1. Given 0.36 nm per residue, what is the gain on full extension from Lys44 to Asn88 after removing their alpha carbon distance, in nm?
2. Sorted by average packing, counted as other Cβ atoms within 10 angstrom per residue and highest first, what order do 15-25, 43-53 take?
3. Using only DSSP helix segments of four residues or longer, with each worth -39500 (n - 2.57), what per-residue ellipticity at 222 nm results for the chain after dividing by its residue count and rounding to 500?
4. Mind pulling the angle between the C-alpha long axis of helix 35-46 and the longest principal axis of the chain? Nearest 10 degrees, somewhere in 0 to 90.
5. Quickly rank 61-68, 7-14, 33-40, 82-89 as a protection proxy: mean count of other C-beta atoms within 10 Å, highest first.
Amino acid sequence: MISEYDCLVVPVMTEKSMNSKEGVHVFKVNTKATKLDITRAVEKVFKVKVAKVNVLNRKGKKKTFRGRAGETKATKIAIVRLSEGVINFEGGI
């Protein structure tokens, strides 16, 4: 079980995520967080009611730099649909 402020890393503020439906928000979350952790974190931090959470696991890309093989970090993205309330990002997380 991860604490609420360790679970949510940063909101994703891209053009595609901001133009999505009303009440849908995208967050980059801790790679060890579960759907239940994400739901609990969003409800406690933003004081809203969550209807549904979808999770995407992105693997790291293989890269080479100066002849050395490496890999970028893997990330976890959470798409959160709200049933009640509005999230305002002006004050930050």
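1. Working: separation 44, 0.36 × 44 = 15.84 nm, distance 1.41 nm.
My answer for the length gained is 14.4 nm.
2. Numbers: 15-25: 11.4, 43-53: 15.2.
In decreasing order of mean packing, 15-25, 43-53 become 43-53, 15-25.
3. Working: 3 runs with 20 residues, N = 93.
When only DSSP H runs of four or more count, the value is -5000 deg cm²/dmol.
4. 60
5. 33-40, 7-14, 82-89, 61-68
We did not get these values from a lab; they are worked out from the coordinates using the rules stated. Just so it is clear, the structure is predicted and the values come from calculations on it, not from any experiment. Please note: Cβ atoms are built from the backbone with ideal geometry, for glycine as well, and neighbour counts cover all protein chains shown.
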